[in-house]
Structures are given as C-alpha cells and as structure tokens.
1. Pairs please, first residue from the stretch 85-98 and in contact (Cβ under 8 Å) with a residue 12 or more places away in the chain, second anywhere and β-branched (Val, Ile, Thr) and surrounded by 22 or more Cβ atoms within 10 Å (Cβ to Cβ), Cβ atoms under 7 Å, 6+ apart in sequence or on different chains.
2. Would you point out the residue of the stretch 1-49, among those that are of a type in the set (Val, Ile, Thr) and at pLDDT 90 or above, that is nearest to GLU118 (Cα to Cα)?
3. I'm checking my understanding of the structure. Among residues of the stretch 81-117 that are assigned to a loop (DSSP other than H, G, I, E, B) and of a type in the set (S, T, N, Q), which one is surrounded by the fewest Cβ atoms within 10 Å (Cβ to Cβ)?
4. Taking the stated definitions as given, is ALA167 touching a strand residue (DSSP E or B) at 6+ places or on another chain (Cβ under 8 Å), under 26 Å from GLY105 (Cα atoms) and part of a helix (DSSP H, G or I)?
5. For the subset of the stretch 133-184 comprising residues that are among the aromatic types (Phe, Trp, Tyr) and farther than 16 Å from ARG64 by Cα, which member is surrounded by the fewest Cβ atoms within 10 Å (Cβ to Cβ)?
6. Does SER206 count as free of Cβ contacts under 8 Å to residues at least 40 places away in the same chain, under 24 Å from PRO122 (Cα atoms) and surrounded by fewer than 20 Cβ atoms within 10 Å (Cβ to Cβ)?
7. Which of (1) surrounded by fewer than 17 Cβ atoms within 10 Å (Cβ to Cβ); (2) more than 14 Å from GLY83 (Cα to Cα) does ARG213 not meet, given it meets every other one?
8. Of the numbered conditions (1) at pLDDT below 95; (2) in contact with a Phe, Trp or Tyr (Cβ under 8 Å, 6 or more places away or on another chain), CYS193 satisfies every one except a single condition; which is it?
Amino acid sequence: MPLAPEYQAMFAALGDTPLPKITDMTPSEGREMYRVARPLNPEIAVGAVEDRAIPGPESDIPLRIYTPEGNGPFPIFVNFHGGGWVIGDLNTADAVCRDICRTAGCVVVSVDYRLAPEHEFPAAVDDCYAATIWAAEHMDEVNGNGRLAVGGESAGGNLAAVICQLARDLGGPEISFQLLIYPVTDCDLARDCYQEDSEGMFLDGSTMEWFWRFYCPDPGKRRDSRASPLRAADLSGLPPALVITAEFDTLRAEGREYAEALRSAHVPAEWLHCEGLIHDFFATAALFEVSRPPFEHACAALRTGLRD
C-alpha cells in the first residue's frame, strides 16, 4: 500500500527544508540531529522517573527508570534505545519509554549503553547484558514483581535479541518476553531491501553501512551472533517474541526472517508487519493516528508476555 498520509505530509513538509544525510555527518553531529528528531515529552505522564547509574563492565551505565502510577509491584521491561549503536540516548528514547510504561503498565528500565565509534562491538552488548542482570537482581528496588522482558527499536531490537541468546547460553536472567521493534538482525547489506530506492524511508542501505562501519569495523566480526543474531546456530529455548516490521523500512526482510527462524526453532513468535509505515514509527505513536494501533498492539503483547 502507499505510504501513510501522515508520513506523506511529514515528508512533504521536510522537503521544503531537507535534512542533511547522516552519512555526511560525524557521529557527534548525528547524535545531535537525532536528539532534535526525538525530543523529550514529559507530557506523557507516568508515576515516577528516576535517573541513576549502575556498575558496568568498564564504566558506570546510566539508566532511566519509569514507574507507572499505582502501588505495584509491576513487571519490568528493559529497553535498549535505537540509533544504529552510534546515536541515541536516554533522551531520544524518553517519549516511547514513557508511553510503554503508561500503556503496558510496567516499570521501564531504559539503558544508556556505550556507543560506537568510541566503544566498538561488543561494548554495547556487554553493557546491555550487565543492565539486564542488574534489573533481574534488583527487582524489589525498582518495585518489580519478578517478571522481566527486554526489547527495543532497531539497534535496540538487535541488542534485545542478542541479550536473550546470551541469557540462555550463560545461565543468565529468566526473560519472559522479547519485543523486537523493526530490529537489525543481520549484517548482510546485499539484501534487496538495502538496494532499493530509499524514498519514503528514514533508513536506507548507505545509512546502515555507516552504522555498521562505526559499530563493527571488521566485517568478519559482524557475522558473530552477538552482532547478527539471525546467524546464531541455535535459536531454540528463547523467550516468546513479537517482531515488528514496517513496509517502508530497509530492515523489513531481516526482521521477518528472524521471526520465521524463531518459529522454525519452536519459539512462539508473532510477526506484525505494518503496511504504510516507516522505520522509527514508534517515535510518532503519540502523534500520528496511523502509528498508534501497532504501538498499542505491542504494549498488549508485552502485558500478556509478562503475566504470571
């Protein structure tokens, strides 16, 4: 189907003042542009918000913890932000985390993992795994009820998939559910989706190449399942998943392939393909009517996955 009218209007408005391509920017410039594109939205009210830091593998890891209104205890959702492992932070994830906290009725632990190129692969993986262990071990401290899920958008979805594999393989925390929102699951940049015209997309093949070049400069290391979870030798025994893809998104094929691979390994996995939508559409879930139903579907799936 065609691009949703809300996004057509948005791109038409941007056409009058086109944004520079991120591939022409430094990582610092890209980070600043992303902060402008995904601002804080404190109007999405939750019960409480707390910033804190926890010990990490090499340095403290900043967290932002969102607690719903009410007494709890609540299930815990550990969120890893998007941004190609190079851009993004607690602030760019703030609006979506607030909305998930309020709509799904869970504590959201948002993780500010180390970014590339200052910290190449697997630094982000190491931080996200450490944060997941912390959340599991500090349930009482964050008003948790013992149930834990992980998830994220794009690179955050990649990290969530990887953390589920590591938790299984290393005897780590019990994860009840994984929410993979238009995730990166493989390093293969030769897929047809990467070669297509990028009109109507926020993310194209050249941008993904830019992200991979900073995150994991060695192409050989990109085939490691901690970078490309689709390449894991065994996907059995992983938590149930919801994998969300968008029609106008370079990552749509690898997201579908990961959902299919999970099902083939007898993991309960729902694939929700959103026609007419673009990469990063959760950022507009509080603004565009077309983005709201899949966002609420994700929150409902998260609630179900976190039930006792």
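The values are calculated or read from the model by the stated rules, or taken from the named source; none is laboratory data. This structure is a prediction, so every number in the text was calculated from the model and none was measured. No Cβ is skipped: glycine too gets one built from the backbone with ideal geometry, and neighbour counts run over all protein chains shown.
1. Within 7 Å, the pairs are CYS97/VAL108.
2. The qualifying residue nearest to GLU118 (Cα to Cα) is THR26.
3. Of everything passing the filter in the stretch 81-117, ASN91 is surrounded by the fewest Cβ atoms within 10 Å (Cβ to Cβ).
4. Here the answer is no, as ALA167 does not meet what is asked.
5. That would be PHE177.
6. no
7. For ARG213, the exception is condition (2).
8. (2)
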